[in-house]
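Asker: The structure under discussion is supplied below as structure tokens; questions concerning it will follow.
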Amino acid sequence: MRFRPLFRLGFSCASRMSGDRTTSSAVRPSNVATQYQEQLFDSAAKGNVEHVLAMLKAAVDVDAKNDRGWTALMFAARNGQVSVIKSLLEQGCSMNVLNSSGQTALDIADFWNHSDASSALSDGAVVPTQECQNYYSLNPLNRASDRRKHPEWIHQAVRRDNTKFILFSDLNPFLIEDTNQKSKKSKYVLGLFSYNQLAEHISKKPLLIFLGLETWDPESAVWFAVDVTGVEESKLKDVHKDGFFANPFPLTMQMDDRHAGIFAEARSILTWHDRYSFCATCGSSTVVQEAGYKRVCSNADCRSHKGINNTCYPRVDPSLIMLVVSPDGNRCLLGRKKTFPPKMFSCLAGFMEPGESIEDTCRREVEEESGIQVGRVEYHSSQPWPFPAVLMLGCITHAKTETIKLDNDDELEAAQWFSRPEIVQMLTHQHPGGLFVPPRQAIAHQLIRTWVGKTSNL
Ligand SMILES: [Zn+2]
């Protein structure tokens, strides 16, 4: 097979189409392998599937990178070349490679609004065009909250043939191995049970939470969470022989994204029931209503029956997590809690207090923890964190000062400014000192990646 000399082929086409500034005449391929690699990038950018496959046959590594960390998949993503993306995925390329700016091919496709390319790269994700896909937030169920007030409907839904039950024992979910690992990202899924498999237990009226419908069709499959604390695990293993009750953290961080979202809903509610058995107003016992979404005081004279109360419904605790950007915009502030794994740095975070706005909490927490004063606060995205029922509100904030001053009594043992190149090393586990940031499942990771991507080689 013959290939035209690279400089005649116009190998800089890929770089031009990607906006990559470095692959110019200043970077001359020095050998045949490099020429083939550049031709691979060029073909990927232009959508030439046949040529892409020829280059791979010519022994070019499917995940080969240029000097800015771009792979063929990224060039295809940048230019919306869906056929090339599919071919490269079939050839076993990795979707998780990061370029030197910390972006994956999916980030690049999203940035350039190539929705078909994003779809192909999302590998069947629930909502490919969703703005931000934070782990624990991808619950696909329709909560159908109006159904909760119809106990007869709930009674019948429990007994449908296609109803699905997920199990918890002492708040630990019953998981099984994910044998359908298309994306190779998840290790576990929720073990699903039918009514017939649980009929004996359900007849004893355990705590049962209506989680939602699979679609907007009222006849679609209904999901419930059921507390099976006390039930012998061996009975459940008759259904899923390798299933087990998992320690929720960190094992549920390795779940299928959609199941992680369903788990987050279920465990947050179950934890609330576990901790709030009595009326917060008068101390009487409470009765579960609304398919697990309400607890009502059994004392008819209790004040909680009148007016607006926040004692009867499951609680959610807002918490702020923020990436602080330096006044010159070139560095970001990360900290280390004593409880973190060694060498891990993350965003600062803290609980919102009553009467505070998001901006108030951000400014107070950052100053308390690091001594840095921040001004502008930009909301990024949120993430349910079901330990026990936190809602992480992610923000990017802009510092007005730079001098770090740690509070000796605080749980933060270190905080420092990091440059963008150093952050990329931490994101890609290539930091010379072994420092790293939390994994993709944490919203901190998404905040850091967003900042890195803002002045990128996209
Ligand atoms: Zn009461």
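Asker: Of all alpha-carbon pairs in the range 317-454, indicate the percentage at a distance above 22 angstrom. Kindly include the intermediate steps, with their values, before the conclusion.
Answerer: Details: 2977 of 9453 pairs.
So the portion of pairs separated by more than 22 Å is 31 percent.
Asker: Ranked by Cβ crowding within 10 angstrom, fewest neighbours first, how are Y195, Y135 ordered?
Answerer: In order of increasing Cβ crowding within 10 Å: Y195, Y135.
Asker: Percent of Cα-Cα pairs per 5 Å bin, from 0 to the last occupied bin, for the range 145-275, please list those.
Answerer: 2, 10, 21, 23, 22, 13, 7, 1, 0
Asker: Please rank R440, R376, R148, fewest neighbouring Cβ atoms within 10 Å first, as an exposure proxy.
Answerer: R376, R440, R148
Asker: For a quick check: with amide H placed at 1.01 Å from N, whose amide H comes under 5 Å from Y136's, ignoring anything fewer than 5 positions away on the same chain?
Answerer: Hits under the 5 Å cutoff: G261.
Asker: Would you give the gap between the C-alpha center of the range 295-324 and the C-alpha center of the range 193-207, rounded to a whole Å?
Answerer: 29
Asker: Efficiency by 1/(1 + (r/R0)^6): what FRET value for E232 and E50, r their Cβ-Cβ distance, R0 = 51 Å, to the nearest 0.05?
Answerer: Between E232 and E50 the formula returns 0.30.
Asker: Neighbouring Cβ atoms within 10 Å as the yardstick, rank L198, L208 fewest first.
Answerer: Values: L198 23, L208 17.
Lowest to highest Cβ neighbour count: L208, L198.
Asker: Another question, if that's okay. Can you compute the FRET efficiency between R303 and S277 using 1/(1 + (r/R0)^6), with r the Cβ-Cβ distance and R0 = 22 Å? Round to the nearest 0.05.
Answerer: Working: r = 19 Å, r/R0 = 0.85.
Efficiency, from the Cβ-Cβ distance: 0.75.
Asker: Below 8 Å between Cα atoms, with a sequence gap of 6+, how large is the relative contact order for the chain in percent?
Answerer: For the chain, the relative contact order is 13 percent.
Quick note: the coordinates plus some simple rules give every number you see, no bench work behind them. Please read these numbers as outputs of a predicted model, since none were measured by experiment. Methodologically, a virtual Cβ is constructed for each residue, glycine included, from the backbone with ideal geometry; neighbour enumeration extends over all protein chains shown.
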